[in-house]
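This report refers to the structure that appears directly beneath it.
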Amino acid sequence: MKFKTLSAAIAAACGVIAAPAYALTADQYTNTSEFGTGTGNNTMNIRISGATAQDPGLLATAVRVCSPGTMHRYAISNNFVYFCTGGPSITQRPGTTKVAIYKYSVGGSGAGVAPVNNATPLPFLDLTKVAANCTGANATTTIVDPDGAGPLSSYTNVECAGATSLYTTNALSYIGISDVEPSFFGPAAGNYDSLQSEALASVIFGAPVTRNIYEALQRQQGLATLAQQTTANAGGTISPAAACGATNLAGLVGEACMPSLSQAQLTSMYTQSGQSWGALGIDSGLADDTIYVARRADTSGTQKSYEAVVAKTINGTSGAKSCFEDTDPFVSGTFLLNNAAADAACNAASPADIAFNASGSGQVVRCLEGLNASGHGGIGVLSTEYKQTAAGQLRFTKIGGVAPTHAQVASGAYQYYTDAALNTRLGTSPTASALGYPAFLTLLKNNFANPATVAIINAGDQTFGPSGLMALDALATPLPAADFSGATPRNPWSRLVSGTTLNNCQSGKANF
């Protein structure tokens, strides 16, 4: 999700107040126990772990939960917490006036499955430690406006620096989010019998390639090249203008100008280490014709989604649910632990490996950018929540001639999406009413089921049209009349079996 930010220094210089005087800062967190009562325990703690793809939706929920102008977001890497005074939209547990919504996104979707089921503590941010260590040079503060003139309030964002261990304390996660249902992440004692798993929203995935490959595909498929497009901007003509309907540089990455990859080409790229573009009928024009693959680690829900619905391979986690048995595995290679590792590995004149296992979507993006900059061609794994730009170094292609847009999903033509799962704890460590979780869960689910909220979460269109998350009609009450146009981010299909059990191996089917 893209945010509009204003740094504290610039705000001060311009005479703008950096944050409301009543915004809650970490030093106002006074809890002496996780779920204690009394004046020393006036914060309701909500702990969530798992997929990063739904973090913008969590932000939209947090802003709605908080009284306007009171929220601080503290973060280090993929670990963050929203801290504020509770607003009227959330029913807090007795004795609390403040809300702390924590999200542990390290490791992706896998962190929203086994740790929740097994009651395994995770290193969540600790607001007491944040107050002590996220100060001075270790704190970069900005004011963030999530949606311009829209309904969401601005908040104060603080990025912390230094060792993560300075800021964290192990605690239990009571809510998990994963891009696919828990069974994709491997066997567990009792088959995750401490989890209740339900659908949350649809996440659209695509085929992201380096820009050099995208433009090579355009040339080969008779679409406007960059040079032709530039000529058109100068007052000339391009051919075939009718094919793209484009008269400016931005149009080059519009839906009409998108080249396409076939299912057979995608499965070959994702399963055959050392494959070349030419062997798949693609004239890359590159000195090195090797296909490089930027994927995610096996704990990633994005990776599981690609194995299940895009690459159509066996699940890379042994013993886990797989939509395709007895198929070739997804290629695997060097692990990229951070941005620096991604830059070093993928920006090299001669890459040390052919496949790269990224720790997050950010590393996939960095790897594809590095490959393009160093004259190599690559393909990656990304949800369409990542916004490509006309000047960027990677592009989404069509698959089988169909673009990854709301309209194509709503029409039933584009099937490369998954229905994400919301996983909550049952059994011996319940998400009990005394802890304030049920009211928050209701609000979270209602936000993801509301197309208007999802539109805010998506924060604008891709260059090729509306894409990203879609609200599931199947979760709305009453069930709305189906809209197959994609005019709003509503998915009239679902991967629910009998309307209740989530199974991403099942193709999308109409709700009734």
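The values are calculated or read from the model by the stated rules, or taken from the named source; none is laboratory data. These figures come from a predicted structure and were not determined experimentally. Every residue, glycine as well, gets a Cβ built from its backbone with ideal geometry; the counts of neighbours run over all protein chains shown. Surface accessibility is based on the protein's heavy atoms, side chains included, excluding ligands, DNA and RNA. Shrake-Rupley method; radii C 1.70, N 1.55, O 1.52, S 1.80 Å.
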Separation between Cα centres of segment 401-415 and segment 36-60, rounded to whole Å: 34 Å
Length gained when the stretch Ala452-Asp193 is fully extended (0.36 nm per residue, less Cα-Cα span): 89.8 nm
Protection proxy ranking of 163-175, 488-500 - average other beta-carbon atoms within 10 Å, highest first: 488-500, 163-175
Cα-based equivalent ellipsoid of the chain: semi-axis lengths in Å, sorted from largest, via gyration tensor: 38, 26, 23
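Charges only on Cβ, +1 for Lys and Arg, -1 for Asp and Glu: so what's the dipole of segment 19-115 about the Cα centre, in debye to the nearest 20?
Here segment 19-115 has a charge dipole of around 120 debye.
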Segment 101-190 - accessible surface per residue (Å², probe 1.4 Å): 33 Å²
FRET E, pair Gln506, Asp27, Förster distance 35 Å, beta-carbon r, rounded to 0.05: 0.10
For Gly69, net neighbour charge (Lys/Arg +1, Asp/Glu -1) across residues whose Cβ lies under 15 Å away: +2
For Phe83, net neighbour charge (Lys/Arg +1, Asp/Glu -1) across residues whose Cβ lies under 9 Å away: +2
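Assuming R0 = 25 Å, what is the FRET efficiency of Leu166 and Asp145, from their Cβ-Cβ distance, to the nearest 0.05?
Efficiency at R0 = 25 Å is approximately 0.30.
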Three principal axis lengths of segment 173-218 [C-alpha, angstrom, descending]: 50, 22, 17
Efficiency of FRET from Cβ geometry, Ala439 and Asp289, R₀ 51 Å, rounded to 0.05: 0.35
Segment 366-512: radius of gyration and largest Cα-Cα distance (Dmax), Å: 17.9, 58
Full-extension gain in nm, Asn118 to Ala352, via 0.36 nm per residue minus C-alpha separation: 80.4 nm
Set of segment 490-506 residues, backbone N closer than 17 Å to the point 7 Å along the Cα-Cβ line of Thr327: 503-506
Descending Cα extents along the principal axes, segment 381-468, whole Å: 50, 25, 23
Per DSSP, loop chymotrypsin sites (Phe, Trp or Tyr not before Pro) in segment 52-105 with at most 16 further Cβ within 10 Å: none
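Using the per-residue mean of other Cβ atoms lying within 10 Å as a proxy for protection, in what order, highest first, do the peptides 463-476, 149-162 fall?
463-476, 149-162
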Segment 302-339 and segment 95-114: distance between their alpha carbon centers, rounded to Å: 26 Å
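Restricting to the chain, compute how many DSSP beta bridges are antiparallel as a %, nearest 5.
Values: 54 of 83 bridges.
Antiparallel bridges make up about 65 percent of those DSSP assigns within the chain.
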Cβ-defined net charge surrounding Asp298, 15 Å radius [Lys, Arg +1; Asp, Glu -1]: +2
Size descriptor, Kirkwood hydrodynamic radius, that averages inverse alpha-carbon separations across segment 130-196, Å: 16.2 Å
Accessible-area composition of segment 248-377, carbon plus sulfur, in percent [1.4 Å probe]: 52 percent
Spin-label model distance (nm) - Gln415 vs Gln220, 7 Å beyond Cα toward Cβ: 2.5 nm
³J(HN,Hα), Karplus 6.51/-1.76/1.60, whole Hz, each residue of segment 159-175, x for Gly, Pro: 8, 8, 10, x, 5, 4, 4, 5, 10, 10, 9, 5, 8, 7, 9, 9, 10
